[in-house]
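Undergrad: For reference, the structure I am asking about is given below.
Rule-based calculations on the coordinates, nothing more; no lab input. None of these values were measured; they are calculated from a predicted model. Every residue, glycine as well, gets a Cβ built from its backbone with ideal geometry; the counts of neighbours run over all protein chains shown.
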Amino acid sequence: MEELENTEAAGEANEMLITFEAEAYLREAGKWAHFLSITGFVFSVLTIISAFSVGAIVGKLQQTYGSGLDAKALSSGLSFMYFIFGILIFVPSLYLFQFAASLKNGFTFGDQERLNTAFQKLKSYFRFWGILIISFIVFYLMVLITALLGGSVKM
């Protein structure tokens, strides 16, 4: 047990073997990751393009229906929101793409460093989504608390 702790402290890794079955599963996961990353890139670009065209759409809707809303403020807010959503779609897609490419190259060339990079990108992908989900939970809790406190205030 003490020998194991010494090798971990020195930065040496314990060797694990990837069986042919595990490699097949990882290769298939890499193909799906590649597909999902390309799809994510496409949706990211479409969302960012939508961010730049939402102003014209809001302006046309205001002309057609004569809304009392401030079209400039609404279109600026929606454009900003669409742009942020485009970035939020792009970042995990990039991690997935890097995971898929590194995984494929690692298995193709038998390169352990590329496999390590692949798993590092997969870790970053899950960390990104975890932080984003925690942020959404905190935001919703703040909205709920604000609504409950605001509802109890009497005017």
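Undergrad: Grab the beta carbon distance between Phe41 and Leu17, set R0 = 35 Å, and tell me the FRET efficiency rounded to 0.05.
TA: That pair, Phe41 with Leu17, gives E of 0.55.
Undergrad: Nearest 500 deg cm²/dmol is fine: what mean residue ellipticity at 222 nm does the chain get from its DSSP H runs of n ≥ 4 alone, each adding -39,500 (n - 2.57), divided by its residue count?
TA: Value at 222 nm, helices only, nearest 500: -31500 deg cm²/dmol.
Undergrad: Right, something else. How far apart, in nm, are the 7 Å Cα→Cβ label points at Phe128 and Val91?
TA: 0.8 nm
Undergrad: Over 19 Å apart: what share of the alpha carbon pairs of the chain falls there, rounded to a whole percent?
TA: Tail of P(r) above 19 Å: 71 percent of Cα pairs.
Undergrad: Sticking with this one: Based on the Cβ-Cβ distance from Ala29 to Ala56, what FRET efficiency comes out when R0 is 35 Å, to the nearest 0.05?
TA: 0.25
Undergrad: Quote to one decimal, in nm, the extra length available between Ala147 and Ile84 on full extension: 0.36 nm per residue of separation minus the C-alpha distance between them.
TA: 20.2 nm
Undergrad: If you take the Cα Rg of the stretch 95-139 and divide it by 2.2 N^0.38 Å, with N the number of residues, what do you get?
TA: 1.43
Undergrad: Can you pull the one-decimal nm distance between simple spin-label points at Phe136 and Ile49, each 7 Å off the Cα toward Cβ?
TA: Using points 7 Å along Cα→Cβ, the separation is 2.5 nm.
Undergrad: Relative to the longest principal Cα axis of the chain, at what angle does helix 71-109 sit, 0 to 90 degrees, rounded to 10?
TA: It works out to around 10 degrees.
Undergrad: Here's something else I'd like to know. Mind checking Rg over Rh on the stretch 44-105, alpha carbons, Kirkwood formula for Rh?
TA: Taking Rh as the inverse mean 1/r over Cα pairs, Rg/Rh reads 1.27.
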